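Working notes, structure below.
Quick note: the coordinates plus some simple rules give every number you see, no bench work behind them. Predicted model only: the values in this text are computed from it and were never measured. Backbone-built Cβ (ideal geometry, glycine too); neighbour counts: all protein chains shown.
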Amino acid sequence: MSGGSHVPAGGDRRDDASLDQSSEPASFYTGIVPLVYAALRSRDSDDVAACADFVARTGQPALELGCGDGYPLLELREGGLDVHGLDSSADMLARCRIAASARGIEVTLFHQAMETMTLPGTYRAIFLAGPTFNLLPDDATASRALARMRDHLAVDGAARIPLFVPEPVAPDHLGVPRTHTADDGTWMSVAAVAQDRDVATRTQRTRLRYEVHVPGSAPRILERDWLLHWYTPDGFAGLAEAAGLAVRSMTTPDGDTAGVGSQDYDAVLVHPSRHAVGTS
Ligand SMILES: C[S@@+](CC[C@H](N)C(=O)[O-])C[C@H]1O[C@@H](n2cnc3c(N)ncnc32)[C@H](O)[C@@H]1O
């Protein structure tokens, strides 16, 4: 990445024949990544409650963008909410289908990217459960995703998009893995091994090394670039408005209106006609 700082750790691994080094943003959550992600992900019941509350207040049917392997989509379905899921990773959706079937939950899933999605209907609530929107690599892709959201949003609907500004990885954390050992002895880890951060383009690219060691099998190792792109509240509002949406609110976790320097906020977008008449 030009114009950013580059902090390598752990040496040059290009000679490691066992490495899968695919770096396409759309294929990030494939291969062993979903396995390690599911094992090490933190689950916060407040996030599920926030999504359930948004859908219950905003309306149904609802659509979760970046539903992944079904968290919190399956909890919402179990709670009786009419929520469909969309994700760009076939591997994540396969895990979601298996989990849904094991729990006896019916799901409607679409294997599409949010920036090109073309779905059969419209939704009264469109939401992302976490800051997956920050995975879109640049403003142009974000603009396309916002335009697709507008076209899939019912006129009385609303879209909720959590956003954040990532912290750079501290140099002494590079190469330090987070690990998990499963009951069958399978050992897995993920570590940031290098990072570029470019404040001018609001983009951070972190090289992550994933490992899965199943007893008695060859280790599976891959490295992926985890790309995050962030927005100022004003910049995001400009993109939303250019895509034909109006900002109803941008709120920090403390309930304040997001402003310059906010690191973490939820944007709620609606059709401009609805915003103009002040419908809540
Ligand atoms: C951080 S995971 C979140 C998964 C799940 N909702 C959770 O909270 O555990 C992000 C998900 O977004 C998906 N994703 C990334 N970029 C996407 C895009 N452009 N369109 C649709 N899904 C995308 C990934 O495949 C992945 O499953």
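Go through (1) touching a residue at least 40 places away in the same chain (Cβ under 8 Å); (2) surrounded by fewer than 21 Cβ atoms within 10 Å (Cβ to Cβ) and name the single condition LEU128 misses. The single condition LEU128 does not satisfy is (2). Residues in the range 163-215 that are aromatic (Phe, Trp, Tyr) and out of contact with any Lys or Arg (no Cβ under 9 Å at 6 or more places or on another chain): PHE164, TRP187. Among the residues of the range 145-171, those that are over 21 Å from ALA246 (Cβ atoms), away from the ligand (no atom under 14 Å from the Cβ), in contact with a strand residue (DSSP E or B) (Cβ under 7 Å, 6 or more places away or on another chain) and not in a helix (DSSP H, G or I) comprise PRO168, VAL169. Going by the structure shown, is ALA182 surrounded by fewer than 20 Cβ atoms within 10 Å (Cβ to Cβ) and within 19 Å of the chain's Cα centre (by Cα)? Considered against the rule, which asks whether it is surrounded by fewer than 20 Cβ atoms within 10 Å (Cβ to Cβ) and within 19 Å of the chain's Cα centre (by Cα), ALA182 comes out as no.
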